1. So residue D:309 fits all but one of (1) over 17 Å from residue D:433 (Cβ atoms); (2) away from chain C (no Cβ under 14 Å); (3) modelled with pLDDT of 95 or more; what number is the exception?
2. If I ask for residues that are touching a residue at least 60 places away in the same chain (Cβ under 8 Å) and either crowded, with 24+ Cβ neighbours inside 10 Å or more than 25 Å from residue D:466 (Cα to Cα) (or both), which ones from region C:344-353 would you list?
3. Against the condition of a type outside the set (S, T, N, Q), within 11 Å of chain A (Cβ to nearest Cβ), surrounded by fewer than 19 Cβ atoms within 10 Å (Cβ to Cβ) and more than 27 Å from residue D:256 (Cα to Cα), how does residue D:391 come out, does it pass?
4. Considering each residue of region C:226-278, count those that are among the polar types (S, T, N, Q), over 17 Å from residue C:209 (Cα atoms) and in contact with an Asp or Glu (Cβ under 8 Å, 6 or more places away or on another chain), and give that number.
5. So residue A:20 passes all but one of these: (1) within 14 Å of another protein chain (Cβ to nearest Cβ); (2) in contact with a Leu (Cβ under 6 Å, 6 or more places away or on another chain); (3) in a helix (DSSP H, G or I). Which condition number does it fail?
6. Quick one: in region C:384-405, of everything that is outside any helix (DSSP H, G or I) and acidic (Asp, Glu), which residue is nearest to residue C:226 (Cα to Cα)?
7. Does residue D:245 meet the test of being part of a helix (DSSP H, G or I) and either more than 14 Å from chain C (Cβ to nearest Cβ) or closer than 24 Å to residue C:337 by Cα (or both)?
8. What single numbered condition from (1) more than 30 Å from residue C:308 (Cα to Cα); (2) assigned to a loop (DSSP other than H, G, I, E, B) fails to hold for residue D:216?
Amino acid sequence: MVLDTMSRTVVLGVIGSDAHVVGITILEQALSAAGFDVVNLGVQTSQEEFAEAAVAHSAEAVLVSSLYGHAEQDCQGFHEVLEEADVDAMTYIGGNLAVGQDDFEQTRETFEELGFDRVFDSETDPEEAIAALERDLHVTTSESEQVTVTS
Amino acid sequence: MVLDTMSRTVVLGVIGSDAHVVGITILEQALSAAGFDVVNLGVQTSQEEFAEAAVAHSAEAVLVSSLYGHAEQDCQGFHEVLEEADVDAMTYIGGNLAVGQDDFEQTRETFEELGFDRVFDSETDPEEAIAALERDLHVTTSESEQVTVTS
Amino acid sequence: MIRDERIPSDELRRIDDEIRSGWSTGGDVDFEEAIRYHESLPASKRFADVLESADKPLLQPRAGVPRLDDQIELLEYLQDDGKADLLPTTIDSYTRDNEYGKAQEGLEKARETGEDTLNGFPAVNHGIEGCRELIDALDAPIEVRHGTPDARLLAAITFAGGFQSFEGGPISYNIPYTKRHGLEETIEKWQFVDRLAGAYTERGVRINREPFGPLTGTLVPPSIAIAIMIVEGQLAATQGVRSITLGYGQVGNVVQDVAALNALQKLGDEYLPDEVCVTTVFHEWMGGFPPDEARANGVISLGGMTAAIAQPDKVITKSPQEFQGVPTKEANAAGLRTTRQVIDMAIEQNIDIDGIAEEQDLIERETRCLMDTIFAHGDGDVVRGTIEAFDSGALDVPFAPSDSAKGAVLPARDDDGRVRIFEWADLEMDDDIKEIHKARLSQRADTEGREESFRMVADDVDAISDGKLIGRPQGKGGVGSAD
Amino acid sequence: MIRDERIPSDELRRIDDEIRSGWSTGGDVDFEEAIRYHESLPASKRFADVLESADKPLLQPRAGVPRLDDQIELLEYLQDDGKADLLPTTIDSYTRDNEYGKAQEGLEKARETGEDTLNGFPAVNHGIEGCRELIDALDAPIEVRHGTPDARLLAAITFAGGFQSFEGGPISYNIPYTKRHGLEETIEKWQFVDRLAGAYTERGVRINREPFGPLTGTLVPPSIAIAIMIVEGQLAATQGVRSITLGYGQVGNVVQDVAALNALQKLGDEYLPDEVCVTTVFHEWMGGFPPDEARANGVISLGGMTAAIAQPDKVITKSPQEFQGVPTKEANAAGLRTTRQVIDMAIEQNIDIDGIAEEQDLIERETRCLMDTIFAHGDGDVVRGTIEAFDSGALDVPFAPSDSAKGAVLPARDDDGRVRIFEWADLEMDDDIKEIHKARLSQRADTEGREESFRMVADDVDAISDGKLIGRPQGKGGVGSAD
């Protein structure tokens, strides 16, 4: 199902000391299958590593994953680091973003204030993130895929 | 392991509306194997049925079982009924004799006051009841069996 | 003299009129109106159809409280939080003894105090209107579960009240439940229940009937249970029942349980008329439970595993609080979900255990011996044969409190934990089969270095609640705790 | 260049001295005095002897809290109320990162506030005295469980402190636990740990070593896990270890799990030197658990059932609170008792499932392919071969966070729920074996009416926590919840 469009590069990684690898492994597969060029930085990726990779690969989007509950600390100043490195990319974050906080809307607000363009919870399907990417990056896609968008 | 002694008759039954049959079925087997003549009245046996059977079979012991928690009510006046019928037998009771009452010594006292010669809890092995019977009825038995007595 | 013959229509009406005069709510029954009510129910509430068309085992708990709104709330919880596929309504003890007056007192007291003064739902007292309110409130089909020797009025009211499944039978709700009801008496009464279910069936409302398979719930040899299931199925079929669910209670040995469920379905199909749709229900362990929820969950899961392999049509679940009596609704739902998880994880695995076919063959041969002796005792009439065979002891149930059965046969586990017969008493069985049992029990005796004796029986009765399947000598067996 | 060679005695002493200077408690280690302490322990605390002489699977939970008295209380509870046969002491994360200073801060804070400010027992900070107080307080043998890439100081102190079993290995505590430690580095460090265990062994104190079998805990194909277990066993044997417990994490398909445990024991015996006593440990499901204790009990019970059939030497249990992280001690003990009940009911049943021998044969062939490629990559040296094979991708672990493994191989379940390989990447394997996997996955794709794709992988990762074994299309798979 490679899209009939130019390949777009996205950088993917788990931020901080988090070592949860399954989610991004599957997301990497899903993004590749959808036609993106994926740079997977893996787990325990620093803010600087995200920025360097985004510059080196001219990434159009930076996708940050966090599942161990310390996302807010790990992302403090992240967008400043990206800015300093002249990264001009969409930024998404997803996962278990807050521990013991049930109201996801509040979590979304927190991370939007930190500068993220989109915030996803841990129940998000890869398709949902891909559909958002396609819209945000103005990727031409087929109708049948657009109807799978649920958010 | 039939004992080297005259057969003694014991009457066995579950008193009241109680329908728990497994315990007395096994006790019947154990008593028979130990050489007793057993009259098993089965479940849901009334005070009068115990008395009639004891008279009819010249029983030397009446063994009452109760597992459904209403033993105290079911046994009120039981010894008066036995007396009126001229039953002169040892009386034992065993089972779950009190609901929600943890102190077995108190339960034992309650049933001794009602007239029972021996009171057993639900964890009693058949061997224990048999050993007590042999002592109370002065049954000659072998030494090896006496050492199995635990109460 | 009672025989296995269909009650004529006029006789049905006569008994029906008489029965319904036994309590005020009986007068409200109008058969034609009841048929219309059943016809108005959605397909999802047609018990027989839902059960017979399922592609994997459906789960059903046990549950009954006195007040209607409480019962609705309880069943909603088990449906929503327990994900029960089929729902129960368990009837109180007074109703089982036909003491509707006492049940009424209890119900009124429950309404005043808000306490559960009865141990079940007094459906006769709630009447048709109360029953239908319950049926209407829930999404899943609901079965009446009880233990009533004379369930005629209960059947008349609950059938008219919209229930489409009814547990019990003349043997299975007599032998394990009551001491003094004669078999002839309970057969006659259940012929009416089945005939009434048949009358609904004739009109397109297939009432599902479910003989109670576990019987005394304590180490019942599979062939004895299956023979009684077949007899009750035949009696129901004669009266016009066309949806019959034969039951079986887990003994705990997976090979024997799977073999028994296979044999139950196969022999049920073979012995019952072609026009009957035969399904099976597996009851999770009905014997004593460990006094510990964690261990109880292990017992429940072994049942789930067995169900995943044997794939009966229905599983009746236990709760981790089984030891202490009536479970909370949370524990009841937990038992459902634990069972569901095990079944859903194991059912697609194609687990094919060696020796099941052999064990099934043995169970089938034993069952045929028992069926043959029943037919012989009755000169071909299953009703007469059942009564005579129980009377002679050729048919017997271990640990039966009823005077109608000798209760002289005694089971014990073999070295693999399969239930064999230790004391045959007068049970009819081919000698070569008896030799097989004897050899298996002798093997166990060798393993344990002790004689075969009633001690094995006693130890086995307590084994699962003590944490093992087989009552090996190191385990202490308390007699009093045996029930 | 590092090779699979025994560290010479003088080199052992040199490293030992250097390592022990890393934290104040290191100075207290006196090898001769430690040998005398071990010799003073009763037979019931000699881990290797207890494990190797058991006649049925021994149960062991996971547990570790920062303060010594709390740890004693916790282990006493698991021993008395959980009836654990073997006890654990799980080490905190700071110690795993060799951050003894931070562990000390956490420990002191824990002592002040009474709160669990560390996620385990900082054994290095407690020192020899603290460790021995723990060993002395409990009746059962205790194992050190951690996840430390460089566990040299931890080993020096806990061995001298009286622990006789130590989990981990250079691959199994690297690949799943850390991103940047090189394999060459962790192998060198674990050679010291094994050499130190070997030094005790030479003196009659057989320290049991247990490579961590579950690896990434997520759908690891059995042959990959077994090959890594054999490699770590060989490395330990070279350094003088004589009691080795190879591990395996449940994948949830009973046939495959039993086959894998059989293969693990057989290949372990075959590949490791004769003087090594090889035992096996089965980890109950290490993947995501259902967010529901009732369903979690079902998952745990399936593990117990598998253990009853395969009869490994040890079972590491899970608790019904697995979903929410660290369980209460009550939940931890409940997991033990549920497992015990299932094993004790099922273990005497002689359950022999069809297809185990065939699956075992496949697993053995796959493992031999991997072992062959490791030896080939290293020109006969297993250390070089392991490093080179991981580097080339000929050896790989799915979902490996470590940079030392490609993590490019991807597993998916087949139509029976057995874990097959969907994406081989550069994993070395005979073509006919690849064809078998391909055929099995294609059968599943047919059943589900969809293409084989990473979606199956994603669905399978979430399946058990969603209540099924196989991630069939109807199940929604959330990526973020996949870990």
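1. Only one criterion is unmet by residue D:309, namely (2).
2. Within region C:344-353, just C:353 meets the criteria.
3. No: the conditions fail for residue D:391.
4. Counting residues in region C:226-278 that are among the polar types (S, T, N, Q), over 17 Å from residue C:209 (Cα atoms) and in contact with an Asp or Glu (Cβ under 8 Å, 6 or more places away or on another chain) gives 3.
5. For residue A:20, the exception is condition (3).
6. C:396
7. No: the conditions fail for residue D:245.
8. (1)
The values are calculated or read from the model by the stated rules, or taken from the named source; none is laboratory data. Because the structure is predicted, anything quoted here is derived from the model rather than measured. Glycine also receives a Cβ, built like all others from the backbone with ideal geometry; neighbour counts cover every protein chain displayed.
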